[in-house]
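Chemist: Quick one: structure below, then a few questions.
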Amino acid sequence: MERKEWNLCEGWEFCFGQEKERCTVDLPHDWVIGAPYCQEKKESAQGFHIRRGTGWYRKKIVLQLSKGHRWFLDFGGIYEKSRVYVNQKEVGGRKYGYSSFRLEITEYVQTGENLIEVRVDSDVLPTDRWYTGAGIYRTVKLLETGPVYLDEYEMQVSVEFPDPDYKKAIINVKTGTDHMVKGRLLHGEKAAENEGQGNLAFEVEEPALWSAEDPQLYRLEVTVLEKGEVSDTVIKRIGLREVSLIPNQGMYINGRRVKLHGVCLHQDTGCQGVAAKKEIWKERLESLKEMGCNAIRAAHHIHSEEFMDLCDELGFYVYEECFDKWTGGHYGSFFEEEWQKDLDTMIKRDRNRPCVVIWGVGNEVENQGQDSMLRLLEMLVKRVKVLDADRPVTYAMNPHFKRESNMDMSTVSDIQKYVDEADDTEIWDVAEKIERIKKIGALVDILSCNYQEQWYEQIHEAMPDQLILGTETYQYFKGHSEQFKNYTQENPALTVERYDYVIGGMIWTGIDYLGESMGYPAKGWNGALIRTNGERKAGYYIMQSYWSNTPMIHFSVLDYSLEDEGVKDHWNIPPFVDHWQFPQFTNMVIPYMIATNCDEVEVYINGDRIYVPKPKDCPNRLITGFLPWIPGEVKVIGKNGGEEVCCHRVTTPKDAVLLEFDRKTVSLPAQRNYQALFTVRAKDMEGNPYFRESARVRFRVEGPAEIAGTDNGDAKSHECYLDPFMHMYHGAVSVLIRLTGDPGKITIFADSDGMRTAVMTVLVK
């Protein structure tokens, strides 16, 4: 028989603890995201959300069993310490909240009605520094196979290119079984077939190569036979590509040198919490792609399969990371017994993906460079190499290299304070840092450095045969070689381009995330390039000017009248924002910034040209200076070869009198629980955005959809994400809608006192 698969995400009953009252929820589900904020909560890393400790999920399914067939449950991730029961018998679970896992339930199910129950414990402190959420926050699937089934985790695909011109590819498939298997490899109209005892091999002429720039994917179908009959079939997407690391030269993909222009990402999506839908992440990743980003550091935990699918499809080079801390922090309570299981899960699940180019085994762990740490690092790297010998393995080190800590973890009540241990453990001597790095470098394939751009030359001199990756960088500032916390003129992103031995840099972070706040009232990290509701900050356009080949230009002003957003230290950039609206000023000059990848720029205020230098003559290629505050229009034009190729305008608005969605009409698939985020802005009668508007907006919806949440991107706002109303932040607020699955027309309304209602149409087909 062909494998059968059912999505089990709909219609679960849920309750807390021993409460009798249950509610019906669909998965993915995060029970923390709607909880109130509490200033007194010590778990500040969680964004001051009040948590509930134990949740129970239950669902009844009706099965028709066939003799010899096997049944499995697939869980994408449960936070955390889950226990799964089928017909009141425990069948397994997982402690680590980020690991996918599969449970065979063949001996526990029966023909007719079956009860699935899941217990979730999420009441232990300290938890992770970032927002974890709680519950069955990823997908659940039911599988039926014949008596012999193919375990995707045991399958391994390798690709060889016998000639340097990549004119031929040899694909070898270890299926993880010794039974007879048949395989098909498809790309467009081309197909190759083969069969073998346990393993398969294909030869492809003129292969379509996968890269972030051109993410070509093949469809691999593997069928296992039992007594000549089909017992199970697995379908995977693979990419044909080669990754090479050459000392002093860099990283090569398919023979072409690439620089990783990357960002770090956590898994929550603002008002959804960690119950993040694939379609929302698709929009987020497309925005990063437009910026010119080609790489993602999936930090500091295993991300969902759906997220990784998108990286394959859209084209991103992924640095995938299993853990944050090891024996310290929250994971330390079960590191010894669980590390191999969780590491194996990540490697086996994703080793056949073309997007994964680097494995990461930890981040800024305790006792860096000390014997205690080095023993664990060696152990982890060796295990990765057993499972996947083809990809480089690394570990992300920070610049502090704190001395041996003997902190009693039982006394820790706040994980962020634990991470920021006492200052007297810091090592400030650069020579000693280098010695620590050399010890770590002897065990890894790439030197992954967090915030160490100022020491790249010294690191390279000490280890000339190793390549360097900036696994975390600031988006605007770079430290000084004599002082870690000092501002210099050079942007860290440009440091990457200067040295061949530096393969890339990952900005911390690409998108704001919940948790890891710097203290109340901030509920999350807001030092990223994009806000939680998708609004692009000035840093986005700076990176776009460095990374994108599409002509772009963007004008922003330095506005110190804005409220402090509570961004930590060097992650903060000057408060550049997109407006030309200073009603509090007369006869003033306004600092400005122009980010562009064009050769020349022209600036006009109300039609009068203002001289500006060429980008190449400016620090960081950013044009900065002062403009006289004159209400009206500022227009900036980008030119290449003397021809206009792009333009950006900002206009002083009159009174805010109307609301308007960014999109008037959009089409969506008639898929139950499909979600979409739409933004509405305050504008004047001519349609100019009113940046300083903060009115409360209420959303309504008519048709086959419901409001699932609201988000304004303000990390200090304590309005509930699940309410159908929220105040604007910088003149904008977003609404999340969830489809019922029925076709038809949806009308979304946005109302605010004193302003004309915004109306948007969604066609569901």
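The values are calculated or read from the model by the stated rules, or taken from the named source; none is laboratory data. Since we're looking at a predicted model, the values are computed, not measured. Cβ coordinates were reconstructed from backbone atoms using ideal geometry, including for glycine residues, and neighbour counts include every protein chain displayed.
Chemist: ASN620 is checked against (1) outside any loop (DSSP other than H, G, I, E, B); (2) on the phi < 0 side of the Ramachandran plot and fails just one. What number does that condition carry?
Modeler: So ASN620 meets the others, but not (2).
Chemist: Now for a different question. Being crowded, with 17+ Cβ neighbours inside 10 Å, touching a strand residue (DSSP E or B) at 6+ places or on another chain (Cβ under 8 Å) and assigned to a strand (DSSP E or B) is the filter here, so list the residues in the stretch 208-224 that pass it.
Modeler: Hits for the stretch 208-224 are LEU209, TRP210, TYR218, LEU220, VAL222, THR223, VAL224.
Chemist: Out of the stretch 544-580, which residues are in contact with a helix residue (DSSP H, G or I) (Cβ under 7 Å, 6 or more places away or on another chain) and over 21 Å from GLY625 (Cβ atoms)?
Modeler: TRP547, SER548
Chemist: State which residue is farthest from VAL567 (Cα to Cα) when the search covers only the stretch 460-482 and only residues that are in contact with a helix residue (DSSP H, G or I) (Cβ under 7 Å, 6 or more places away or on another chain) and buried (at least 24 other Cβ atoms within 10 Å of the Cβ).
Modeler: Going through the stretch 460-482, the residues in contact with a helix residue (DSSP H, G or I) (Cβ under 7 Å, 6 or more places away or on another chain) turn out to be 462-463, 466, 468, 470, 473-481.
Checking the rest, the ones that are also buried (at least 24 other Cβ atoms within 10 Å of the Cβ) come to 468, 470, 473-475.
On the way: ILE468: 27, GLY470: 21, THR473: 15, TYR474: 12, GLN475: 12 Å.
Going through the qualifying residues, I end up with ILE468.
Chemist: With respect to the numbered conditions (1) in contact with a Pro (Cβ under 9 Å, 6 or more places away or on another chain); (2) not in a loop (DSSP other than H, G, I, E, B), which one is the sole condition not fulfilled by MET543?
Modeler: (1)
Chemist: Also, I was wondering about something else. Looking at PHE323 and the list (1) surrounded by fewer than 23 Cβ atoms within 10 Å (Cβ to Cβ); (2) within 16 Å of TRP359 (Cα to Cα); (3) free of Cβ contacts under 8 Å to residues at least 60 places away in the same chain; (4) not basic (Lys, Arg), which single condition is not satisfied?
Modeler: PHE323 satisfies every listed condition except (1).
Chemist: Listed residues ALA201, ALA191; which is farther than 30 Å from GLY470 by Cα and either assigned by TED's automatic domain parsing to the domain that holds LEU469 or at pLDDT below 95 (or both)? Write out each step before concluding.
Modeler: Details: ALA201 fails: either assigned by TED's automatic domain parsing to the domain that holds LEU469 or at pLDDT below 95 (or both).
Just one listed residue meets the conditions, ALA191.
Chemist: With the checklist (1) modelled with pLDDT under 95; (2) farther than 30 Å from GLU189 by Cβ in hand, flag the one item GLY228 doesn't pass.
Modeler: (2)
Chemist: In contact with a Gly (Cβ under 7 Å, 6 or more places away or on another chain) and part of a strand (DSSP E or B): is that true of TYR604 in this structure? I'd like the intermediate steps shown before the answer.
Modeler: On the way: in contact with a Gly (Cβ under 7 Å, 6 or more places away or on another chain): no; part of a strand (DSSP E or B): yes.
When the stated conditions are applied, TYR604 does not pass them.
Chemist: Counting only residues that are at pLDDT 95 or above and closer than 16 Å to ASP569 by Cα, how many does the stretch 451-472 have?
Modeler: Within the stretch 451-472, residues that are at pLDDT 95 or above and closer than 16 Å to ASP569 by Cα number 1.
Chemist: Would you point out which residue out of ILE280, ILE347, ILE296 is within 22 Å of TYR474 (Cβ to Cβ) and outside any loop (DSSP other than H, G, I, E, B)? Let's see the steps before the verdict.
Modeler: Numbers: ILE280 fails: within 22 Å of TYR474 (Cβ to Cβ); ILE347 fails: within 22 Å of TYR474 (Cβ to Cβ).
So the residue among ILE280, ILE347, ILE296 that is within 22 Å of TYR474 (Cβ to Cβ) and outside any loop (DSSP other than H, G, I, E, B) is ILE296.
Yes or no, residue by residue, for (1) under 20 Å from TYR37 (Cβ atoms); (2) at pLDDT 95 or above; (3) assigned by TED's automatic domain parsing to the domain that holds LEU8; (4) not in a loop (DSSP other than H, G, I, E, B):
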site: VAL666; (1), (2), (3), (4): no, yes, no, yes
site: ASN673; (1), (2), (3), (4): no, yes, no, no
site: LEU722; (1), (2), (3), (4): yes, yes, no, no
site: VAL735; (1), (2), (3), (4): no, yes, no, yes
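Chemist: Let me ask something else. From the list GLY703, GLY713, GLY741, GLY731, which one is modelled with pLDDT of 95 or more, closer than 16 Å to LEU668 by Cβ and either in contact with a strand residue (DSSP E or B) (Cβ under 7 Å, 6 or more places away or on another chain) or among the basic types (Lys, Arg) (or both)? Full working, then the answer.
Modeler: Numbers: GLY713 fails: closer than 16 Å to LEU668 by Cβ; GLY741 fails: either in contact with a strand residue (DSSP E or B) (Cβ under 7 Å, 6 or more places away or on another chain) or among the basic types (Lys, Arg) (or both); GLY731 fails: closer than 16 Å to LEU668 by Cβ.
Step by step, each of GLY703, GLY713, GLY741, GLY731 is checked, and only GLY703 is modelled with pLDDT of 95 or more, closer than 16 Å to LEU668 by Cβ and either in contact with a strand residue (DSSP E or B) (Cβ under 7 Å, 6 or more places away or on another chain) or among the basic types (Lys, Arg) (or both).
Chemist: Here are some residues: ILE427, ILE434. Which one is assigned to a helix (DSSP H, G or I) and at pLDDT below 95? Let's see the steps before the verdict.
Modeler: Numbers: ILE427 fails: assigned to a helix (DSSP H, G or I).
After ruling out the rest, the residue left standing is ILE434.
Chemist: Same structure again: With ALA522, ALA528 as the choices, which residue is more than 17 Å from GLU290 (Cα to Cα) and surrounded by 22 or more Cβ atoms within 10 Å (Cβ to Cβ)?
Modeler: Values: ALA528 fails: more than 17 Å from GLU290 (Cα to Cα).
It is ALA522.
Chemist: Taking only pairs six or more apart or across chains, which ones have beta-carbon atoms under 7 Å, a first residue in the stretch 623-647 that is farther than 15 Å from PRO583 by Cα, and a second residue that is part of a loop (DSSP other than H, G, I, E, B) and of a type in the set (Asp, Glu)?
Modeler: That search, which allows pairs on different chains as well, returns LYS639/ASP599; ASN640/ASP599.
Each row is one residue, and each column tells you yes or no for (1) assigned by TED's automatic domain parsing to the domain that holds GLN267; (2) in contact with a Phe, Trp or Tyr (Cβ under 7 Å, 6 or more places away or on another chain); (3) surrounded by 21 or more Cβ atoms within 10 Å (Cβ to Cβ); (4) not basic (Lys, Arg).
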residue: LYS95; (1), (2), (3), (4): no, yes, no, no
residue: TYR98; (1), (2), (3), (4): no, no, yes, yes
residue: GLU107; (1), (2), (3), (4): no, no, no, yes
residue: THR111; (1), (2), (3), (4): no, no, no, yes
residue: ASP123; (1), (2), (3), (4): no, no, no, yes
residue: GLY135; (1), (2), (3), (4): no, yes, yes, yes
residue: LYS141; (1), (2), (3), (4): no, yes, no, no
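Chemist: Further question: Looking for whichever is touching a residue at least 12 places away in the same chain (Cβ under 8 Å) and either surrounded by fewer than 23 Cβ atoms within 10 Å (Cβ to Cβ) or more than 29 Å from ILE280 (Cα to Cα) (or both) here; the options are ILE542, ILE503. Which one fits?
Modeler: The match here is ILE503.
Chemist: Another question, if that's okay. Out of all the residues in the stretch 1-59, which are modelled with pLDDT of 95 or more and assigned to a loop (DSSP other than H, G, I, E, B)?
Modeler: Within the stretch 1-59, LEU8, CYS9, GLU10, GLY11, ASP26, LEU27, PRO28, HIS29, ASP30 qualify.
Chemist: Criterion first (of a type in the set (Val, Ile, Thr), outside the structural domain of SER734 (by TED's automatic domain parsing), at pLDDT 95 or above and in a loop (DSSP other than H, G, I, E, B)) does VAL636 satisfy it? First the steps, then the outcome.
Modeler: On the way: of a type in the set (Val, Ile, Thr): yes; outside the structural domain of SER734 (by TED's automatic domain parsing): yes; at pLDDT 95 or above: yes; in a loop (DSSP other than H, G, I, E, B): no.
So VAL636 does not fit the description; no.
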